[in-house]
Amino acid sequence: MNGTSTKHRIRGMLIAAAVALAASTAAPASADAGDDVSVGTRLAARTHPAVQLTTLTYSGQVVVPTGTIKEGPFNQLVQQATAAVIDGKISSDERSIAKYLFQRMAADVNRYLKPTGPQRTVKAEVGGLCTGWWVTPDGYMVTGAHCVELSDQQLTNAFAQQALAELNEQDAKEIITGLRGIEADAELIQLAQQVYVNFNTGHLKIQGLSRDLSVVQSLPGGGVDKTAKPVPAELVSVGESYPGKDFALLKVNGQQNLPTVPLGEDSDVTTGSTLYISGFPGLVTNTPFFSLESKLEPALTEGPYNAKRTTHEGVPYIQTQAPSYQGNSGGPVFSRDGKVIGMLIAGTVSETGEASESESFVLPVSIIKEKLNEKNIKPTQSLTSIRYDEALNDFFLRHYKNALPKFREVQALHPNHPYVAKYITDSQQAISSGKDETPQPLWVWIAIGAGGLVVVTGVVVAVLLLRRRRSARGAAPVQAPAYASAQEWQQANVPAQSWHHPQHPQQAQQAGQPPVVETGFQPGGQQYGYPQPGSPQAMPPTMPHPVQPQPGHSQPGYSQPGHPQAGHPQTGQPQTGQPQSVAALEQEIAELRRRLDQRPPGA
């Protein structure tokens, strides 16, 4: 039993060592093996597929009357200008007098102009671009309230700015033409236009107004390029524009397996934490010299969490130093671990669109969750994003062979995915150029360890057997017969005829008895009725052929109580005092190994 226990312990230790070797070799050297890739790079790769460009478009007919000068008020203004010249307040040249008149008219345009016919009609479209992001795989999107609707004043100003430019310029030329003999310079033209900008805007009416909301998506297999097209979106709910709860929920029908981003908690970040803003800056989307591909890729900016603020309405906002621009509105704001902690709503920008530091304001994620809950919308991470994140992890570890099938699964789940096609190409090129560092699968290392285990186990068994053989050969010769005589068995009240183990022919002749051949083996074969060595069924020649014990009798090869026996200490084989051949020993070792390998688990 001690020898068997020792074998089991050695075997268990070797198996544990093999598995440990396999695990340590197959697993990445470190969970952060891709640390050469920055947090921003990883975060942008993971989140960009769920961040989309949104469009708001108002269409309608702009109607404005013709502006006619009121003679009485205008004559009074001319008299005031004459007095100013006499008093030396303005120069006496006609250009200076005209500028004086236009400045006064623009300051109080309705005093000097009246609306008359004919009415002028202009078809126009106005709107803007913002950022949104998917929160469910079936097409629910979050963005800002001011990205989906404009107030009456904002709508009027937008139509006046975009639709009335041509009318304003035409009206200004007509009034300047009435000033005979005066050469109009840039300043005079601008002052005259401002008169009609104010008048036309004040009397503008919009007819047949309609609103369209869209999300810009790529076509199947198109990626982020010229194949992108606006897909209509339905407005599900909208809050109050900044400084209120500036939130809106859109729904794009017919969607499935869309990439999404997970929502975090307000407590995930605090003062000093780094925040990351994703979105579409207007200084890119509104600039003609950038390609469409460039315009349709989100930009990522980062900066510290400066402070938490609260508006007069009691709405919390996060102040951050991360730069933001017009067009970023509605974009998600992330913590370092890639979870949304808020939405970019407001920021102070210059006339050129440049952001002012420390003046970006973020609506916290708790408000977003509150608004989603009001519509019973549960944010869900899609299978597309789960598989995509797994593939990216492998890609950044340079495990391109592992990443490639996962990227292909993402492409099958969501054919419109804007970035996966490029990652598939990059992975294939990396594998072809020998840059792949994918480790061997765990089963390979287990197989290697198991092979080593077999070799070491064989050596251990051989050593143990050799030690026992040497001990047996060094023992004093025993004259007792290999098995007890019939008389001895009778003295022990055991019927002699119940013993059926075959005897060696030579032993039988010495005892004056005919040799016994066990049933099932043909006489004349190898001793003990075993098959010839080398056949598939051959057993070691030193091992007795097993027999079934008779009822009431112990297994053959072991001595009965009170009856000494000179058999082998392990096998019960009679000792001859002669050393075994090397080939016989090797066969015995092989048989032991075979039996060890065939043992059921836990034996």
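Computed with a 1.4 Å probe on the full set of protein chains, the accessible area for R120 sits at about 40 Å². Using a probe of 1.4 Å, the accessible surface attributed to Y325 totals some 60 Å² when neighbouring protein chains are kept in position. Calculated FRET efficiency, I182 to D212, Cβ-Cβ distance, R0 = 35 Å: about 0.15 to the nearest 0.05. Couplings for region 420-434, taken from phi via the Karplus curve 6.51 cos²θ - 1.76 cosθ + 1.60 with θ = phi - 60°, read 5, 4, 5, 5, 4, 4, 4, 5, 4, 5, 5, 5, 5, 8, x Hz in order; Gly and Pro are left as x. Sequence-ordered 3J(HN,Hα) estimates for region 184-192 from the Karplus curve with 6.51, -1.76 and 1.60 and θ = phi - 60° stand at 7, 9, 4, 5, 5, 5, 5, 5, 5 Hz, glycine and proline given as x. Per-residue SASA remark: T310, around 100 Å² accessible (1.4 Å probe; ligands, DNA and RNA not included). Put simply, the amide H of Q255, placed in the peptide plane, has no neighbours under 5 Å, leaving out anything fewer than 5 places away on its chain. With 5 Å bins beginning at zero, the pair-distance distribution over Cα atoms of region 290-427 amounts to 2, 9, 14, 15, 15, 15, 13, 10, 5, 1, 0, 0 %.
The lysines within cross-link reach of K229, meaning a Cα-to-Cα straight distance under 24 Å and a gap of 8 or more places when in the same chain, are K123, K251, K295, K422. Sorted largest first by accessible area at a 1.4 angstrom probe radius, with every protein chain in place, the residues I277, I69 fall in the order I69, I277.
Distance distribution note for region 153-285: the fraction of Cα pairs above 22 angstrom is 66%. Annotation: amide H-H contacts under 5 Å for V236 (H modelled 1.01 Å from N, sequence separation of 5 or more, or interchain): L249, L250, K251.
If you roll a 1.4 Å probe over region 157-296 with all protein chains in place, what percent of the accessible area is carbon or sulfur? List each step's numbers first, then the result.
Details: 3450 of 7170 Å².
It is 48 percent, rounded to a whole number.
Taking the 1.4 Å solvent-accessible surface of region 42-123 as the whole, the part contributed by carbon and sulfur is 49%. What region 49-106 shows is 46 Å² of accessible area per residue, with the surface traced by a 1.4 Å probe over protein heavy atoms.
Under 23 Å of direct C-alpha separation, and excluding same-chain neighbours fewer than eight residues apart, K89 reaches these lysines: K99.
Give the accessible surface of region 236-337 per residue, rounded to a whole number of Å², with probe radius 1.4 Å and ligands, DNA and RNA excluded.
Values: 4540 Å² over 102 residues.
With the other protein chains kept in place, region 236-337 gives 45 Å² per residue.
How do 248-254, 201-207 rank on mean C-beta neighbours within 10 Å, highest first? Display every interim value, and only then the final one.
Values: 248-254: 18.7, 201-207: 15.9.
The most tightly packed comes first, giving 248-254, 201-207.
Could you sort F74, F290, F407 by accessible area so the largest value comes first, with the probe set to 1.4 Å?
Details: F74 50, F290 80, F407 0 Å².
So, going from the largest accessible area down, we get F290, F74, F407.
Under 5 Å between amide hydrogens, built in the peptide plane, is the criterion, and for L263 it picks out V340 among residues at least 5 positions away or on other chains.
The values are calculated or read from the model by the stated rules, or taken from the named source; none is laboratory data. In this text the structure is predicted, and so the values were computed from the model without any measurement. Using ideal geometry, Cβ is built from the backbone for each residue, glycine included, and neighbour counts are taken over all protein chains shown. These accessible areas exclude ligands, DNA and RNA; they are computed on the full protein's heavy atoms, side chains included. Shrake-Rupley method; radii C 1.70, N 1.55, O 1.52, S 1.80 Å.
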